[in-house]
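Asks: Encoded as C-alpha cells, here's the structure I'll be asking about.
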Amino acid sequence: MKLIDHSIEKFFWIAAVLSLSITVLIFGFMVILGFPLFKGGQFFELLSQPWLPDYGTYGIYHMIVGTLSIAFIGLVFAFPLSLGCSAFISVLGPKRFGQILKKTVQMMTGIPTVIYGFVGIFLLVPIIRELFEHGSGMCILSASILLAILISPTMILFFSDSFDQVPKPFLDAVDALGGNKAQKILYVILPYSLRGVITGLVLALGRAMGDTMIALMVAGNAVALPDSVLDSARTLTAHIALIIAADFESLEFKTLFACGIILYLFTTFITLSVRSFDLMPWRRK
Amino acid sequence: MKRVICLAWISVFMIAGNLSAFAGNLNLFEGMKGTLRIAGGTAHIPVMKEAAKRIMTFNGDIQISIAGGGSGVGIKQVGEGLVNIGNSGRKPTDEEINKYQLKMFKWAIDGVGVVVNPENKVKALSKTQLIDIFSGKINNWKSIGGVDKPINVYTRDKASGTRAVFWKKALDKGEITAKANFVVSNGAMKSAISSNPYAIGYVSVGYIDKSVAPVALGGVVPTLENVKQGNYQIARGLYSNTKGEPSGLTKKFIDFIFSPEGQKIASEKGFIPVQ
C-alpha cells in the first residue's frame, strides 16, 4: 500500500516537473534559435521597423500594433457584455432562464475559433464592408467583434462564479435594507468580487492575444500600419502562420522567433500579473 | 428500399467500371508498398489529390500525404529530405537546383489570371492599369469604369509560386501595396474574391470557375484555350521536384503523372498537359 502511495506521489511529481520544464524549454528554444538576432543587435530594431522584406527590413512593429489593437478593442466590446450577462445569470434574471443561459455559455467555450472565423467571413465581413464602405471589410473591427464573442464565455463564467461566492448574509442584508437588485450588484457584489472580475478580464486578454485563426481569416493580414479600426491589420500570431512557409534559412523565417518571444513575454506578463494579483493582500470592508 | 439497393448496385458497377478502365496506368503500382510525402505549390493540389486518391484506391498498401505551403516550401522541403516530392509553381532557381541537386519534372502548364467578383463590371484592364491597381495608385473602381467603391487588393504571401509568376510577368516586378489583404492559398484567394464585390486578386487558371470572373489583360482573357495557344503570356510550368534521380514509389508517382491517365487528370483540373 505504501509503495502505491509512494509511486503515485512520484508520478505526480514527475508530471509537474515535466510540464514546468516544457514551458521553460520552449522559451529556451525560441531564445536560442532567435539568438542570431540578439547578437546582431537586430532584435530591438525589429520592434520598431516596418515589414518590408523587399527592402531588407523585417520589423514586426506593425504586427505588435495589430495584436494589441485587436485584442484590446475586442476586450472593450466583450467586457460590458460579459459583465451584464453574468449579472443577469447570477442576480437579475429569473433563476431558470439564468441557468439555461449559463449552460449555453459553457457550450460556447468549446466552439473552435475557426468556426467563428468562417462565420465571420460570410456574415460579418460583408456587413462591415457595406456599412462603412472602407476597405475590404476584413479589418480590425471585424476581428475584434469576433474575438469579443470568443473571449466572452471565459469572462462570463469567471464573473458569475465569483458573483456566486458572495456570502448570502451580505445579500440578505441588502434585501433587509430594502435595496433593489441593481443596488445589490453595484454596492455589494461588484466590490466583493472585484478580484475575480479583474482576473477574468486579464485572462480573457491573454486568450485574445494568443488567438490565431480569427485574425488570420478575418483581419486581412495587411502589413501596413493601420490608421483606423476599419483598416486591415496583421497580428503576431497570423504573421507567424503566414511566414512559417518561407525558406527556413531566410532572415524572414528567423524573425519569427522574435515574434514568438514577444508573444511569449506578453502572455507570461499577463499570467504573472494575475498571479501576483491573487497573492496581494486584499482588504475587504 | 428496393430502389436504394438498385442504386447501390449501379454505383458499385460504376466504380468497378472506372477502376478497370484506368487499370492500365495504375498497374504501375501493382505490389508496391510504402508512403509518399508531397508538399509545396497549392496550384498542384487538385491534381495531386486526384492522383493520390486513385492510386490509394487501387492499392491500399500505399499511403500518400499531400500538403500545401507554397512553392518555396516545396523546394526547401524536398531539398532537406523532409518530403519525397516538392511541388513548385515556378522553375526552381539555378542556385536551388545546384544546392539540392534537384531533378525537375514539368508536367503541366498553368496560367495565372487576374480575377474579380462576378458582379464587377470591369472585365478588361491594360497592363499599366493593373500595375497601378496593385501598387495602390488606382484605388477606386470608378476611375476604370466600375462602381464608386474602393478597390480591395488581395495578394499571396512570398512563398507562393503563383505570386512569383504574377509579380514577374504581370506586374513587371512592380510594387504591391502594403494595404493589400493576404490570403494563404489559391483556394483561399478564390473564396475571398467570390465573397467580395470590390475585390481584385490573381489565381491559377485551373481555379477559375463561375464564382469568380476572369479579367482580360491587354485584350486577352485568361482561359485555358488562350494559355494553350500562347496568347496569354502570364503562364508558368507546374513542376514536381525530387532530390536527385527519383526511385521506387516516387518514380512511379511521377511516371503516373506523365501517363495518359495522369495527364488527363491535369487537363480535367484546368491545366494544360505537356504530353
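Asks: Closer than 23 Å to A:Leu236 by Cα, of a type in the set (Gly, Ala, Ser) and free of Cβ contacts under 8 Å to residues at least 12 places away in the same chain: is that true of A:Gly66 in this structure? Step through it out loud before you land on a result.
Replies: Numbers: closer than 23 Å to A:Leu236 by Cα: yes; of a type in the set (Gly, Ala, Ser): yes; free of Cβ contacts under 8 Å to residues at least 12 places away in the same chain: no.
Considered against the rule, which asks whether it is closer than 23 Å to A:Leu236 by Cα, of a type in the set (Gly, Ala, Ser) and free of Cβ contacts under 8 Å to residues at least 12 places away in the same chain, A:Gly66 comes out as no.
Asks: In this structure, is B:Leu28 under 24 Å from B:Ile265 (Cα atoms), touching a helix residue (DSSP H, G or I) at 6+ places or on another chain (Cβ under 8 Å) and modelled with pLDDT under 85? Write out each step before concluding.
Replies: Values: under 24 Å from B:Ile265 (Cα atoms): yes; touching a helix residue (DSSP H, G or I) at 6+ places or on another chain (Cβ under 8 Å): yes; modelled with pLDDT under 85: yes.
Considered against the rule, which asks whether it is under 24 Å from B:Ile265 (Cα atoms), touching a helix residue (DSSP H, G or I) at 6+ places or on another chain (Cβ under 8 Å) and modelled with pLDDT under 85, B:Leu28 comes out as yes.
Asks: Further, regarding this structure: When the residues of the range B:87-102 are filtered to those that are touching a Gly at 6+ places or on another chain (Cβ under 6 Å) and of a type outside the set (Phe, Trp, Tyr), which remaining residue is nearest to B:Lys252 (Cα to Cα)?
Replies: Pass one, the range B:87-102, residues touching a Gly at 6+ places or on another chain (Cβ under 6 Å): B:87-90, B:100-101.
The next check asks that each one be of a type outside the set (Phe, Trp, Tyr); those that pass are B:87-90, B:101.
On the way: B:Asn87: 16, B:Ser88: 19, B:Gly89: 21, B:Arg90: 23, B:Gln101: 20 Å.
So, considering only residues that are touching a Gly at 6+ places or on another chain (Cβ under 6 Å) and of a type outside the set (Phe, Trp, Tyr), the one nearest to B:Lys252 (Cα to Cα) is B:Asn87.
Asks: Return the residues of the range A:237-269 that are at the interface with chain B (Cβ under 8 Å from one of its Cβ atoms) and aromatic (Phe, Trp, Tyr); say none if nothing qualifies.
Replies: Listed by number, the list holds a single entry, A:Phe248.
Asks: Please work out if A:Leu150 is in contact with a helix residue (DSSP H, G or I) (Cβ under 8 Å, 6 or more places away or on another chain), assigned to a helix (DSSP H, G or I), surrounded by fewer than 20 Cβ atoms within 10 Å (Cβ to Cβ) and touching a residue at least 40 places away in the same chain (Cβ under 8 Å). Full working, then the answer.
Replies: Working: in contact with a helix residue (DSSP H, G or I) (Cβ under 8 Å, 6 or more places away or on another chain): yes; assigned to a helix (DSSP H, G or I): yes; surrounded by fewer than 20 Cβ atoms within 10 Å (Cβ to Cβ): no; touching a residue at least 40 places away in the same chain (Cβ under 8 Å): yes.
The answer is no for A:Leu150.
Per-residue answers, yes or no, for (1) surrounded by fewer than 21 Cβ atoms within 10 Å (Cβ to Cβ); (2) away from every other protein chain (no Cβ under 14 Å):
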| residue | (1), (2) |
| --- | --- |
| B:Ile200 | no, no |
| B:Leu224 | yes, yes |
| B:Arg236 | no, yes |
| B:Ser240 | no, yes |
| B:Thr250 | no, yes |
| B:Phe253 | no, yes |
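Asks: Right, next: Applying the selection to the range B:75-118, what residues are farther than 30 Å from B:Ser211 by Cα and polar (S, T, N, Q)? Give the steps one after another, and end with the answer.
Replies: First, the residues of the range B:75-118 that are farther than 30 Å from B:Ser211 by Cα: B:75-85, B:92-105.
Matches in the range B:75-118: B:Gln77, B:Asn84, B:Thr93, B:Asn98, B:Gln101.
Asks: Would you pick out the residues in the range B:140-151 that are assigned to a strand (DSSP E or B) and more than 10 Å from every other protein chain (Cβ to nearest Cβ)? Lay out the reasoning, then the answer.
Replies: So the first thing to find is which residues in the range B:140-151 are assigned to a strand (DSSP E or B), and the list is B:140, B:150.
Listed by number, the list holds a single entry, B:Asn140.
Asks: Here's a check for you: in the range B:20-65, which residue that is surrounded by fewer than 16 Cβ atoms within 10 Å (Cβ to Cβ) and among the hydroxyl-bearing types (Ser, Thr, Tyr) is nearest to the other protein chains (Cβ to nearest Cβ)?
Replies: Result: B:Ser65.
Asks: Hey, another quick one. Out of all the residues in the range A:168-179, is one or more among the β-branched types (Val, Ile, Thr) and buried (at least 21 other Cβ atoms within 10 Å of the Cβ)? Even if it seems obvious, please write down each step before you answer.
Replies: Start the filter on the range A:168-179 by keeping residues that are among the β-branched types (Val, Ile, Thr), which leaves A:174.
Of the ones still in play, those that are also buried (at least 21 other Cβ atoms within 10 Å of the Cβ) are none.
No, there is no match, as no residue in the range A:168-179 is among the β-branched types (Val, Ile, Thr) and buried (at least 21 other Cβ atoms within 10 Å of the Cβ).
Asks: Taking the range B:158-178 as the search range and keeping residues that are surrounded by 19 or more Cβ atoms within 10 Å (Cβ to Cβ) and of a type in the set (Ser, Thr, Tyr), which one is nearest to the other protein chains (Cβ to nearest Cβ)?
Replies: B:Ser160
Asks: A further question on this structure: Which residue pairs have Cβ atoms closer than 8 Å, lie 6 or more positions apart in sequence or on different chains, and pair a first residue in the range A:115-130 that is more than 10 Å from chain B (Cβ to nearest Cβ) and assigned to a helix (DSSP H, G or I) with a second residue that is of a type in the set (Phe, Trp, Tyr) and buried (at least 16 other Cβ atoms within 10 Å of the Cβ)?
Replies: Pairs found: none.
Asks: A follow-up question, please. What single numbered condition from (1) free of Cβ contacts under 8 Å to residues at least 12 places away in the same chain; (2) within 14 Å of chain A (Cβ to nearest Cβ); (3) not aliphatic (A, V, I, L, M) fails to hold for B:Gly68?
Replies: Just one mismatch for B:Gly68, condition (1).
Asks: Pairs, please: C-beta under 8 Å, at least 6 apart or cross-chain, first residue under 27 Å from A:Leu81 (Cβ atoms) and in the range A:158-174, second among the basic types (Lys, Arg) and surrounded by 14 or more Cβ atoms within 10 Å (Cβ to Cβ)?
Replies: Note: pairs meeting the criteria are A:Ser160/A:Lys102; A:Ser162/A:Arg195; A:Leu171/A:Lys184; A:Val174/A:Lys184.
Asks: State yes or no: is B:Gly218 modelled with pLDDT under 90, closer than 26 Å to B:Ile131 by Cβ and of a type outside the set (S, T, N, Q)?
Replies: On the way: modelled with pLDDT under 90: yes; closer than 26 Å to B:Ile131 by Cβ: yes; of a type outside the set (S, T, N, Q): yes.
Judged against the criteria, B:Gly218 is a match.
Asks: Can you tell me which residues in the range B:84-120 are closer than 17 Å to B:Ile208 by Cα, touching a helix residue (DSSP H, G or I) at 6+ places or on another chain (Cβ under 8 Å) and surrounded by fewer than 18 Cβ atoms within 10 Å (Cβ to Cβ)? Talk me through it step by step, then tell me what you get.
Replies: So the first thing to find is which residues in the range B:84-120 are closer than 17 Å to B:Ile208 by Cα, and the list is B:89, B:108-120.
Now narrow it down to the ones that are touching a helix residue (DSSP H, G or I) at 6+ places or on another chain (Cβ under 8 Å): B:89, B:108-118, B:120.
Residue satisfying the conditions is B:Pro118 alone.
Asks: Sticking with this one: Within the range A:106-128, does at least one residue satisfy the condition of being surrounded by 20 or more Cβ atoms within 10 Å (Cβ to Cβ) and over 22 Å from the mean Cα position of the chain (by Cα)?
Replies: Yes.
Asks: Looking at the range A:30-42 only, could you name the residues that are touching a residue at least 40 places away in the same chain (Cβ under 8 Å) and more than 20 Å from A:Thr237 (Cα to Cα)? Walk me through how you get there before you give the answer.
Replies: Of the range A:30-42, the ones touching a residue at least 40 places away in the same chain (Cβ under 8 Å) are A:30-31, A:33-34, A:36-37.
The answer is A:Pro36, and nothing else.
Asks: Exactly one condition in (1) in contact with a Gly (Cβ under 8 Å, 6 or more places away or on another chain); (2) modelled with pLDDT of 90 or more; (3) more than 11 Å from chain A (Cβ to nearest Cβ); (4) more than 30 Å from B:Thr35 (Cβ to Cβ) is not met by B:Thr155; state its number.
Replies: Unmet for B:Thr155, out of (1) in contact with a Gly (Cβ under 8 Å, 6 or more places away or on another chain); (2) modelled with pLDDT of 90 or more; (3) more than 11 Å from chain A (Cβ to nearest Cβ); (4) more than 30 Å from B:Thr35 (Cβ to Cβ): (3).
Asks: Another question about this same structure. Based on what the data block shows, is A:Ile145 at pLDDT 90 or above and under 16 Å from A:Ile70 (Cα atoms)?
Replies: Numbers: at pLDDT 90 or above: yes; under 16 Å from A:Ile70 (Cα atoms): yes.
It is true that A:Ile145 is at pLDDT 90 or above and under 16 Å from A:Ile70 (Cα atoms).
Asks: I've got another one for you. Do the conditions hold for B:Lys190, that is, is it within 14 Å of chain A (Cβ to nearest Cβ), at negative phi, among the charged types (D, E, K, R) and surrounded by 20 or more Cβ atoms within 10 Å (Cβ to Cβ)? Break it down into steps so the answer makes sense when it comes.
Replies: Numbers: within 14 Å of chain A (Cβ to nearest Cβ): yes; at negative phi: yes; among the charged types (D, E, K, R): yes; surrounded by 20 or more Cβ atoms within 10 Å (Cβ to Cβ): yes.
The answer is yes for B:Lys190.
Asks: Sticking with this one: Step by step: first the residues of the range A:213-236, then only those that are among the β-branched types (Val, Ile, Thr) and within 11 Å of chain B (Cβ to nearest Cβ), then the one that is surrounded by the most Cβ atoms within 10 Å (Cβ to Cβ). Which residue is that?
Replies: Step one: filter the range A:213-236 for residues among the β-branched types (Val, Ile, Thr), giving A:214, A:218, A:223, A:229, A:235.
Filter once more, keeping what is within 11 Å of chain B (Cβ to nearest Cβ): A:218, A:223.
Details: A:Val218: 31, A:Val223: 24.
Per the stated criteria, the residue is A:Val218.
Asks: If you don't mind, there's one more thing I want to ask. Does the range B:62-115 hold any residues that are of a type in the set (Asp, Glu) and touching a Lys or Arg at 6+ places or on another chain (Cβ under 9 Å), and which are they? Spell out the reasoning first.
Replies: Filtering the range B:62-115 down to residues of a type in the set (Asp, Glu) leaves B:80, B:94-96, B:110.
Passing the criteria: B:Glu80, B:Glu96, B:Asp110.
Asks: Only one of these conditions is not met by B:Asn231: (1) without any contact (Cβ under 8 Å) to a residue 12 or more places away in the chain; (2) within 14 Å of chain A (Cβ to nearest Cβ). Which number is it?
Replies: Unmet condition: (2).
Asks: Quick one: which of A:Glu9, A:Glu45 is free of Cβ contacts under 8 Å to residues at least 24 places away in the same chain, of a type in the set (D, E, K, R) and surrounded by 13 or more Cβ atoms within 10 Å (Cβ to Cβ)? Spell out how you get there, then give the answer.
Replies: Numbers: A:Glu9 fails: surrounded by 13 or more Cβ atoms within 10 Å (Cβ to Cβ).
Result: A:Glu45 is the single residue among A:Glu9, A:Glu45 that is free of Cβ contacts under 8 Å to residues at least 24 places away in the same chain, of a type in the set (D, E, K, R) and surrounded by 13 or more Cβ atoms within 10 Å (Cβ to Cβ).
The values are calculated or read from the model by the stated rules, or taken from the named source; none is laboratory data. A quick note: this is a predicted structure, and the numbers were derived from the prediction, not measured. Every residue, glycine as well, gets a Cβ built from its backbone with ideal geometry; the counts of neighbours run over all protein chains shown.
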